[in-house]
Amino acid sequence: MKRLEKRVSVGLPLWLYDALKELAEENNRSLTGYIRRVLWQHTEEKKL
């Protein structure tokens, strides 16, 4: 069965990458897992 997901590549300024990496480490997550979580949270907040 195929996974229902798309891959996305995003370029980040170094300062933003470093800030996200630090936040991910504080939350015991990988950088990609942390970014995914932030995007999910943002999307849920914007739903009506």
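If I filter the stretch 22-43 down to residues being hydrophobic (A, V, I, L, M, F, W, C) and more than 15 Å from Ser9 (Cα to Cα), which single residue comes out as least open to solvent (accessible area, probe 1.4 Å)? My answer is Ala24. Is it the case, given these coordinates, that Ala19 is part of a helix (DSSP H, G or I), of a type in the set (Gly, Ala, Ser) and either open to solvent by 80 Å² or more (accessible area, probe 1.4 Å) or touching a Gly at 6+ places or on another chain (Cβ under 8 Å) (or both)? No; evaluated as a whole, the condition is false for this residue.
The values are calculated or read from the model by the stated rules, or taken from the named source; none is laboratory data. This structure is a prediction, so every number in the text was calculated from the model and none was measured. We place every Cβ from the backbone using ideal geometry, glycine too, and count neighbours over all the protein chains shown. Ligands, DNA and RNA are stripped out before the accessible areas are found, and what is left, the full protein with its side chains, is counted by its heavy atoms. Shrake-Rupley method; radii C 1.70, N 1.55, O 1.52, S 1.80 Å.
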